[in-house]
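Worksheet: one structure, shown below.
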Amino acid sequence: MNTLVIRWGALAALLAAALVVVGVASAASHREAPLISLDAEADITDFYAFRSYEPGQADKVDLIMDVIPGEEPSSGPNYWNFDPNVDYVINVDNDRNGKANDVAFRFRFQNEFRGTAQAAGLFLPYVGATGSPLPAITSLDSPGLGFRQTYSVEMIQGGGVKSQTIADGLVAVPSNVGPRTMPDYDALAAQGVYTLTGGIRVFAGQRDDPFAIDLGAIFDTLNLRSPGTDMLSGFNVHSIALELPASMLTKDGKPAEQTSQPLLGAYAETDRPHVTVRGKNGELPTGHGPMIQVQRLANPLVNEAIIGVTDKDRWNALDPEDEGEFLDYYLNPRLALALQIVFGATAPSSNRTDLRDLFLKYDASDNKLSELLRLNLAVAPKPLAQQQPLTVLAGDNAGWPNGRRPIDDVTDIAIKVVGGPNFAGAGDSVTLNDKPLPAAFPFLASPWDGRNRQHANP
């Protein structure tokens, strides 16, 4: 049996001992460190990696990174967008050496002012209405789409030895302004799903925030309630979704069920120029010097619930293979004290080698330490209707910590095992997302629109 599968059996004991206050994290990775909380466009909220569960696509792997936490849908006239000064990168390790530089995908965005808004000098970037002289926005080429972002996708292999642009000039799906301006947003967003050569699909644009959590109750010293309130209800994020044949990621170039090396490690990162210079007379800022990593995300909850506050910014700036610098946080989790204070329980708080092995190794015998989201391609995907949010705790081995899917309830997994059997029914009482998750690419629900958004979801 694969070693990764064996390790799942110890997940409950591991989380009970080490992720004892995982619930106090600000969702999966929303505003989790001081510096990144000041830089929303570079703030990665969630990262997902899984074998596709869309019918007929099981040979594909999906990699999704969400950015910009807490997007209020009505935030006009300047709605949410990707930052042209940020590189959005997804990195993959396919040889188990802990360095995720075997295959990488870099997304870069450009702003474009165009159409009726530019020609008429309008104060709104998105204008249009059915039956009016200016037609509603029904296409990514509509004249009412006055502000538009295009992007490129670059594939980098061998740590930069080989690089090729696999797509350019793609249009990012704009924010969901409202039903008058964009009367069929789902149809508009569907135009932003691009099929590239070799069976690759890509999407970039706004989506509903797929994470669900009762943040208010959690932050009030684990003052949980039932029913819970999804504090992220009605908020959106910006998503980059990439789907590609597993053979493009495996070391031997074989499909998921045929490869001799089915274990992949992955993480997402955002980079900014070393120096940013603000332009004169309203020009966009320009970047100078090398790109510097400002955030990374692999497994959910690590920077929030394991890394100490004084090291959170440094952790974001370093690569996963440098995780040995933070080993003490894994072996001696300070968070175990919270369980004792809040619940009057005790949990091991030293020599947590199981925590180290789960997050930092492919196998317990490995000597290399690297914090990566690890995906076992040998495990078949489950259809959305059969997926269990509690993953391994409910007998579903196709979810976190075997990669991560949008439905996986990582918060409740941790809360339920905090106190062992006495807390088997515990949780934040927020099990599902505020919108149903789709079973097809890009796997995240349509965003809330700016006119009719809501934030209450008891």
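Among the listed values [x] 1.59; [y] 0.96; [z] 1.00, the one computed from these coordinates for Rg/Rh (Cα atoms, Kirkwood Rh) is [y]. Charge dipole (Cα centre; +1 on Lys/Arg Cβ, -1 on Asp/Glu Cβ; no other charges) of the chain amounts to roughly 240 debye.
When the GluC sites (Glu not before Pro) in the range 200-285 are filtered for DSSP coil states and for at most 12 other beta-carbon atoms within 10 Å of their beta-carbon, the remaining sites are E283.
Ignoring lysines fewer than eight residues from K254 along the same chain, the ones with Cα atoms less than 16 angstrom from its Cα are K60.
Taken as Cα centroids, the range 123-137 and the range 185-250 sit 28 Å apart, rounded to the nearest whole angstrom.
For the range 259-301, the set of trypsin sites (Lys or Arg not before Pro) satisfying both a DSSP loop assignment and a count of at most 16 other C-beta atoms within 10 Å is given as R278. Taking a straight line from the alpha carbon of K312, these lysines sit under 23 Å away, with near neighbours fewer than eight places off in the same chain left out: K99, K361, K368. Between the listed residues Q110, Q261, V193, the Cα displaced farthest toward the positive end of the dipole of the chain, a dipole computed from Cβ unit charges relative to the Cα centre, is found at V193.
Put simply, when 387-394, 39-46, 318-325 are sorted by average Cβ atoms within 10 angstrom per residue, most first, you get 39-46, 387-394, 318-325. Using θ = phi - 60° in the Karplus curve 6.51 cos²θ - 1.76 cosθ + 1.60, the 3J(HN,Hα) couplings for the range 33-46 round to 9, x, 5, 5, 5, 9, 9, 4, 5, 9, 7, 7, 8, 8 Hz; x is entered for Gly and Pro.
Once the chain from T276 to I166 is taken as fully extended at 0.36 nm per residue, the excess over their C-alpha distance is 36.8 nm. Other residues with beta-carbon under 10 Å from the beta-carbon of Q57 carry, at +1 per Lys or Arg and -1 per Asp or Glu, a net charge of -1.
Comparing A167, I218, L301 along the charge dipole axis of the range 3-423, the residue lying farthest to the positive side is A167, per the Cβ-charge model. Of the residues M182, L355, A380, the one whose Cα sits farthest towards the positive end of the charge dipole of the chain is M182 (charges of +1 on Lys and Arg Cβ, -1 on Asp and Glu Cβ, taken about the Cα centre).
Rule-based calculations on the coordinates, nothing more; no lab input. These numbers come from a predicted model, not from an experiment. All Cβ positions, glycine included, derive from the backbone under ideal geometry; neighbour counts span all protein chains shown.
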